[in-house]
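Enquirer: Below is one structure. I have some questions about it.
The values are calculated or read from the model by the stated rules, or taken from the named source; none is laboratory data. Bear in mind that the values here come from a model prediction, so they are computed numbers and not experimental data. Don't worry about glycine lacking a Cβ; one is built from the backbone with ideal geometry, like all the others, and counts go over all protein chains shown. Surface areas here come from the heavy atoms of the whole protein model, side chains and all, with no ligands, DNA or RNA. Shrake-Rupley method; radii C 1.70, N 1.55, O 1.52, S 1.80 Å.
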Amino acid sequence: MTGTADRVAPAEGGRVSRSAPGGLDTRRATRTTKQSSQIAAMVWGAVGIVVIALIWEAYKLLGPSDGVVIAGARVLPRTTDLAMPHVWDMVGRLAEPVTRSPSALPLWAVVGLAALTTLGIAAAGWLVGVIVGIGLALVMQRWRIAEWGLLPWIVISQTVPLIAFAPVVKSWGSRVEIGAFEWQDWMSVALIASYLAFFPIAIGALKGLQSPDRIHEELMQTYAAGYWPTLVKLRFPAAVPYLLPALRLGAANAVVGAVVAEVSTGLQGGIGRILIQFAGQASGDPAKAWGPIFGAIVLGLVAAGSVALLGVILKNYRRTEEAA
Amino acid sequence: MTDGDGGLRSDAGGGSRPASRNPDAAAAGIRDGAGAPPQPAGTTAVEVRGVDKIFETTSGHVQALDAIDLTVAAGEFVSLIGPSGCGKSTLMRLIADLDAPSAGTVSVFGKTAKQARLDQEYGIAFQSAGLLPWRTVAANVALPLELHGVASAARSGRVAELLDMVGLSDFADRYPDQLSGGMQQRVAIARSLAEQPRLLLMDEPFGALDEMTREKMQAELVRIAAETGAAVVFVTHSIPEAVFLSDRVVVMSPRPGRIREIVPMRLGVDTRRAARTEELREERGFFEMVTAVREALHGETPVTAGPRGVETR
Ligand SMILES: Nc1ncnc2c1ncn2[C@@H]1O[C@H](COP(=O)(O)OP(=O)(O)OP(=O)(O)O)[C@@H](O)[C@H]1O
Ligand SMILES: [Mg+2]
């Protein structure tokens with residue numbers, strides 16, 4: 001045993017000392033550390049899923065079949081197959097056809113297609129939210145008075161539960177008809193998604209655009225750089241660290257908004273619709289109802305992950321001036 | 001101007017100064033007629049006249065500058081020295097038009113400070129480097145060129161030249177957070193020189209450097225200033241640095257910020273830059289100048305200081 005340890009230690013020491021001093025080697029070393037930390041994150045993510053599955057099954061096995069009821073309120077769910085199907089049943093159901101008809105697609109494909117539809121609508125809503133949010137932030141950054149005038153309304157806007165009015169929005173939309181353009185039902189859903197998405201983006205972008213240090217603003221001033229050059233060369237790059245989380249939050253909001261708006265407007269084709277539809281069939285096919293739920297989770301992850309990808313592309317804008 | 005502590009002397013135009021500084025014999029030969037900067041009409045780089053600066057704060061007002069008069073000739077190297085808080089940075093900011101004086105006027109190359117800024121008459125290096133963290137070293141140096149529409153080929157050539165000058169060619173693709181504080185400061189200096197300005201404003205640019213690099217950069221700065229004929233207003237806390245670099249050293253006192261005395265360095269007009277070699281640091285005259293500045297800085301007002309005061313003059 002000791003022999004092995006002795007042989008391993010110097011080898012490692014040698015590698016470290018070789019890679020430390022050189023600039024390139026250092027950079028390679030940091031990249032490997034980053035890669036290994038990414039792998040670690042993935043491993044932990046997988047471990048988390050397994051743990052949740054184990055807890056689910058353990059509770060299902062050990063918990064009372066009528067759940068835990070305290071003072072008349074059920075604080076833990078029933079453990080019947082109807083309320084909590086087995087993990088393997090739920091996963092297995094994904095591979096089976098969605099209905100008994102011979103031409104039916106497997107459940108996962110139906111859920112996947114619906115999720116893609118919703119993702120498209122959410123993305124459209126997110127994009128509108130980005131444009132509106134950044135536009136508002138630009139106006140508020142440019143004119144202090146606009147910040148005072150607009151910011152309270154932006155905050156108040158989020159207290160209006162637009163989702164609750166989704167059918168109303170839909171009926172408003174159906175009256176919009178400009179030339180060849182005709183309002184589609186999915187646009188109402190996208191509009192609601194954008195309504196939820198623009199808020200964090202506006203707030204984050206405003207904070208980011210206001211974030212440049214005074215010394216940097218003054219530097220631009222000494223270059224006699226006007227508003228637009230300062231915006232492009234200083235404010236937007238400085239805003240990136242604030243924008244990225246805001247965009248991610250906006251993406252998550254857009255997905256939630258799209259799913260809920262689909263449900264309340266009854267839009268066909270999206271995941272919100274099949275969520276309701278399959279839940280209605282749960283008494284006969286309890287595992288099937290979980291398909292769209294998994295789909296919605298994956299949808300949220302994909303949306304947030306896409307924005308995270310943006311963060312990787314823009315990683316140099318997240319640096320700080322301090323020496324590492 | 002009435003405070004009797006040398007306020008009158010703070011006017012740079014004084015032609016009487018060389019005579020009053022005669023005791024400084026070590027500077028043999030280059031002494032006579034050399035004290036005053038060359039100042040033909042129209043070649044004044046900076047002219048500060050009767051400037052006050054008062055900051056209004058919540059806890060009353062702070063008089064940062066009081067009755068400042070200072071003229072910097074084109075091509076002249078002037079250092080500002082004085083205890084912390086005496087208004088050196090404030091004065092520099094007024095010249096750079098980053099702040100407006102409460103009273104008095106500031107003109108740069110005969111224009112208002114604002115016009116001079118819009119015309120890009122000066123390059124500036126702040127007390128802290130102020131690099132943009134998302135730009136590489138090269139891109140940081142290129143920023144002013146980029147903003148002023150220099151073509152990309154010319155830009156990269158100039159950047160390479162500047163980085164070579166500050167000894168950071170190997171770090172062109174690094175980011176500021178991968179550099180030491182001193183290296184960052186050198187990048188900032190390169191950036192301030194990018195457009196070969198006629199006036200350089202430098203606020204303690206070498207503060208973060210080690211002694212070796214510092215001396216090297218000082219020599220570089222002297223060379224650059226001589227080559228480009230740029231006037232330099234240089235803030236420092238180091239007396240030897242001020243003496244080594246400057247044609248004149250402006251000694252300031254705090255609360256309120258005033259010019260206590262302007263000490264001309266011994267080097268003559270023609271030899272001004274050429275004579276500032278490394279050997280200078282070892283000469284006796286150098287130490288005498290250091291003493292003169294130190295006394296102006298710490299000592300009593302020159303008028304009442306008796307023989308010593310005379311000596312410093
Ligand atoms: N924006 C401001 N608001 C209020 N007071 C200020 C402001 N800027 C400077 N002051 C005050 O003006 C005085 C001069 O400041 P300044 O920064 O010019 O000093 P300094 O000579 O550069 O000092 P140091 O050597 O420490 O850099 C100080 O008393 C400072 O508190
Ligand atoms: Mg200062």
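Enquirer: Please compute the modelled spin-label separation between A:S171 and A:F294, points set 7 Å along Cα→Cβ, answer in nm with one decimal.
Expert: Reported label-point gap for A:F294 and A:S171 is 4.0 nm.
Enquirer: Can I ask one more? So, for region A:70-132, what is the accessible surface per residue at a probe of 1.4 Å, expressed in square angstrom?
Expert: Working: 3720 Å² over 63 residues.
Here the residues of region A:70-132 average 59 Å² of exposed surface.
Enquirer: Through the Karplus equation 6.51 cos²θ - 1.76 cosθ + 1.60, θ set to phi - 60°, convert the phi angles of region A:236-251 into ³J(HN,Hα) values in whole Hz; use x for Gly and Pro.
Expert: Residue by residue, region A:236-251 yields 5, x, 5, 7, 3, x, 8, 5, 4, x, 5, 5, 5, 4, x, 5 Hz.
Enquirer: What FRET efficiency would be calculated for the residue pair B:H237, A:D213, taking the C-beta separation as r and a Förster radius of 22 Å, to the nearest 0.05? Please list the in-between numbers first.
Expert: Numbers: r = 23 Å, r/R0 = 1.05.
Working from the Cβ atoms, E equals 0.45.
Enquirer: With the full set of protein chains in place, find how many percent of the accessible area of region B:32-178 is carbon and sulfur; take the probe as 1.4 Å.
Expert: C and S atoms contribute 51 percent here.
Enquirer: Just checking the output field for A:229-239: average partner chain Cβ neighbours within 10 Å of each residue's Cβ?
Expert: Per-residue shielding by partner chains comes out at 2.
Enquirer: Let me ask another. Calculate what fraction, in whole %, of the accessible area of region A:99-318 sits on carbon and sulfur atoms when a 1.4 Å probe is rolled over the protein chains.
Expert: The nonpolar share, carbon plus sulfur, comes to 70 percent.
Enquirer: May I ask you to find the residues of region B:96-117 that are shielded by at least 20 Å² of accessible area once the whole protein assembly is considered instead of their isolated chain (probe 1.4 Å)?
Expert: Buried on complex formation: B:L98, B:R117.
Enquirer: Per the 1.4 Å probe, what fraction of the accessible area of region A:38-84, in percent, lies on carbon and sulfur atoms?
Expert: On the way: 2680 of 3460 Å².
The C+S portion of the solvent-accessible surface of region A:38-84 is 77 percent.
Enquirer: Rounded if a/c is under 1.5, else prolate if a/b beats b/c, else oblate: with a ≥ b ≥ c from the C-alpha gyration tensor eigenvalues square-rooted, which is chain A? Before the final figure, lay out the partial values.
Expert: On the way: a/c = 2.27, a/b = 1.11, b/c = 2.04.
Oblate, because a/c is 1.5 or more while a/b does not exceed b/c.
Enquirer: How much FRET efficiency would the formula 1/(1 + (r/R0)^6) give for A:S283 and A:W148, where r is the Cβ-Cβ distance and R0 is 51 Å, rounded to 0.05?
Expert: 0.40
Enquirer: As an exercise, use a Förster radius of 60 Å and the Cβ-Cβ distance of A:I70 and A:A180 to find the FRET efficiency, rounded to the nearest 0.05.
Expert: 0.50
Enquirer: Rounded to the nearest 100 Å², what is the buried accessible area between B and A, both sides summed, probe 1.4 Å?
Expert: So the total buried area for this chain pair works out to about 2600 Å².
Enquirer: Go ahead and set up a Gaussian network model of chain A, Cα springs under 10 Å, then flag whichever of A:I52, A:I297, A:I134 fluctuates most.
Expert: Between A:I52, A:I297, A:I134, it is A:I52 that shows the largest mean-square fluctuation.
Enquirer: Output the peptides A:173-184, B:184-195, B:66-77, B:207-218 sorted from most to least packed, where packing is the average of other Cβ atoms within 10 Å over each peptide's residues.
Expert: Result, highest mean first: B:184-195, B:66-77, B:207-218, A:173-184.
Enquirer: Which value, in Å², gives the accessible area per residue of region B:90-176 when a 1.4 Å probe is used on the protein heavy atoms?
Expert: That works out to 37 Å² per residue.
Enquirer: In the Gaussian network model of chain A, springs joining C-alpha atoms below 10 Å, which of A:V130, A:V302, A:V111 carries the largest mean-square fluctuation?
Expert: Of A:V130, A:V302, A:V111, the Gaussian network model singles out A:V302 as fluctuating most.
Enquirer: If you don't mind, there's one more thing I want to ask. Counting only C-alpha contacts under 8 Å and six or more residues apart, can you give the relative contact order of chain A as a whole percent? Mind showing how you got there, number by number?
Expert: Working: 364 pairs, mean separation 61.9, N = 324.
Answer for chain A is 19 percent.
Enquirer: Inside 10 Å of the C-beta atoms of A:210-219, what's the mean count of C-beta atoms belonging to other chains?
Expert: Details: counts 0, 0, 1, 4, 2, 6, 5, 1, 7, 11.
Rounded to a whole number, the mean comes out at 4.
Enquirer: Counting only heavy atoms of protein chains, what accessible area per residue, in Å², does region A:214-324 have with a probe of 1.4 Å?
Expert: On a per-residue basis, 46 Å².
Enquirer: Give the average, rounded to an integer, of partner chain Cβ atoms located within 10 angstrom of each Cβ in B:144-150.
Expert: Details: counts 6, 1, 3, 9, 4, 0, 0.
Across the residues of B:144-150, the mean count of other-chain Cβ atoms within 10 Å is 3.
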